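J.: Structure provided below as C-alpha cells; questions to follow.
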Amino acid sequence: MRFTSSSNFRTVGGQDGALRHLYRSDHLGALNESDARQIQGLGITRVLDFRGVDERTAAACRLPEVTVHSLPIEPTIVQKLGDLVAAGHRLTGADIVAHMQDTYRGFVRHNTPRFAEFFGHLLASDEPTVFHCTAGKDRTGFAAALLLKAVGASDEEVMRDYLLTNDRLQLPEGSRMGLPREAMTVLWRVQPEFLQAALDEVDARYGSLEGYLREGLGLREAERRELRLRYRAG
C-alpha cells in the first residue's frame, strides 16, 4: 500500500502482523484526489491528529467524510534546531541524535495525557481509524509502539513497525532550517536509539512499560483485553 501524496501511510504492525481497522500515516493535508479516494475506500471514518496548532492550520486534513480529533503535541524539535542554527551552531548528525532522544523523552515527560486520550478514542469505538503527525515517524511512531505493546506484540514486532519509516520517507532535496546534509539525514529518519530513549524514560518514571500502560495511560487488563479483541488480528 503506497500513495504518491502520502508516503508513510500504512497498516500498523506491518503486513504480517497488521492490526485490524488501524492505520498510521504522515499528514493528510497534501492528499491528491486519487489517493484520498483510495484511502477513503478502506472505510476510515476517524482521524487522530497529533500535530501542533500551526501544523494543522498549514495543512488541514483532505480526507473527506471523516471526524478529525486533535491530540496536539507541539513539534519542539523544529523550534529548538532552528534556534540553534540561528545562533550560529553547525549541527552534526550526532547533535541531531541527542536532540531527537530528548524529544522522545519529552513524549513521556510532557505528553502522556495525549497518548492516554489516543487510547481513549480507540476504546470508545472500533471504527476504522488513521492516526498521524506530520511525517508519521516520531509522535506517530511512539503511539504505534505503545499500541502494539498494549495488544501483546513482541519487541521485535514493535521495532520492525517503527523502522519501516526509513523505507518510506524520502529525504528532501536541499537543506531545511539551514541544516547540513548529515544532520538532515538523521532528522528525516528514525533510529532504535530514539524509541529506546522514550522507553528508558518510561522505566525511570514508571518502573516498567507495564507500569506506564497501567498508571500513565490507564490501560489495565480489561482495557488491554478490549484492545486485543477489537484490533489484534488472528
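J.: For residue 46, which sequence-distant residues (separation of 5 or more, or a different chain) have an amide H within less than 5 Å of its own amide H, given hydrogens modelled in the peptide plane?
T.: 67, 130
J.: Quote the charge dipole size of region 6-96 about the Cα centre in Debye, to the nearest 20; the model charges only the Cβ of Lys and Arg (+1) and of Asp and Glu (-1).
T.: Values: 10 positive and 11 negative charges, 37 e Å.
Rounded to the nearest 20 debye, it is 180 debye.
J.: Continuing with the same structure: Report the accessible area of residue 80, computed with a 1.4 Å probe over the heavy atoms of all protein chains in place, in Å² rounded to the nearest 10.
T.: Roughly 70 Å² of residue 80 is accessible to a 1.4 Å probe.
J.: Sum up the charges of everything whose Cβ sits under 11 Å from the Cβ of residue 7, counting Lys and Arg as +1 and Asp and Glu as -1, but leave residue 7 out. Intermediate results must be reported in sequence, preceding the final value.
T.: Working: positive: 2, 10, 137, 168; negative: 26, 35, 167.
Combined, the nearby Lys, Arg, Asp and Glu give +1.
J.: If you roll a 1.4 Å probe over the chain with all protein chains in place, what percent of the accessible area is carbon or sulfur? Intermediate values should be presented prior to the final figure.
T.: Working: 5220 of 10700 Å².
So the carbon and sulfur contribution to the accessible surface is 49 percent.
J.: Here is a follow-up. Using the heavy atoms of the protein chains alone and a 1.4 angstrom probe, what is the accessible area of the chain per residue in square angstrom? Provide the component values of the computation, followed by the final result.
T.: Details: 10700 Å² over 234 residues.
In whole numbers, the chain has 46 Å² accessible per residue.
J.: Based on the Kirkwood radius over alpha-carbon pairs, what value in µm²/s does the Stokes-Einstein equation return for the translational diffusion coefficient of region 1-75 at 37 °C and 0.692 mPa s? Before the final figure, lay out the partial values.
T.: Working: Rh = 12.9 Å.
Stokes-Einstein gives a translational diffusion coefficient of 254 µm²/s.
J.: Something else: When every alpha-carbon pair in the chain is counted, what percent end up more than 29 Å apart?
T.: Of the Cα pairs, 24 percent sit more than 29 Å apart.
J.: Output the antiparallel fraction of DSSP beta bridges having both residues in the chain, as a percent to the nearest 5.
T.: Values: 3 of 15 bridges.
If we restrict to bridges inside the chain, about 20 percent are antiparallel.
J.: Mind telling me which of 209, 84, 217 comes out most flexible in a GNM of the chain, alpha-carbon contacts under 10 Å?
T.: Of the options given, 84 has the highest mean-square fluctuation.
J.: Under a Cβ-only charge scheme (Lys and Arg +1, Asp and Glu -1), can you give me the dipole magnitude of region 130-191 about the Cα centre, in debye to the nearest 20? Numbers along the way, then the final one.
T.: Numbers: 8 positive and 8 negative charges, 45 e Å.
Roughly 220 debye, rounded to the nearest 20.
J.: Residue by residue through region 26-34, which ³J(HN,Hα) values in whole Hz follow from phi under the Karplus form 6.51 cos²θ - 1.76 cosθ + 1.60 (θ = phi - 60°), with glycine and proline marked x?
T.: 3J(HN,Hα) across region 26-34, in whole Hz: 7, 5, 10, x, 10, 5, 8, 4, 5.
J.: Looking at region 31-120, what % of the alpha carbon pairs are farther apart than 21 Å? Mind dumping the intermediate values first?
T.: Working: 1995 of 4005 pairs.
Result for the distance tail: 50 percent.
J.: Using +1 on the beta carbon of Lys and Arg, -1 on that of Asp and Glu, and nothing else charged, what's the dipole of the chain about the Cα centre, debye to 20?
T.: On the way: 30 positive and 32 negative charges, 56 e Å.
Charge dipole, the chain, about its Cα centre: 260 debye, nearest 20.
J.: Same structure, new question: In whole Hz, what ³J(HN,Hα) sequence does region 50-56 give by Karplus (6.51, -1.76, 1.60; θ = phi - 60°), x for Gly and Pro?
T.: Going residue by residue, I get 8, 5, x, 4, 5, 4, 5 Hz, with x marking Gly and Pro.
J.: Oh, and also: Which of 148, 186, 208 sits closest to the plus end of the dipole of region 132-234, meaning its Cα is farthest towards the positive end, when Lys and Arg get +1 and Asp and Glu get -1 on the C-beta?
T.: Working it through, the farthest residue towards the positive pole turns out to be 148.
The values are calculated or read from the model by the stated rules, or taken from the named source; none is laboratory data. The model shown is predicted, which means the values in this text are computed figures rather than measured ones. A quick note on method: Cβ atoms are made from the backbone with ideal geometry, for glycine too, and the neighbour counts reach across all protein chains shown. Side chains are part of the model used for accessible areas, which takes the heavy atoms of the whole protein and leaves out ligands, DNA and RNA. Shrake-Rupley method; radii C 1.70, N 1.55, O 1.52, S 1.80 Å.
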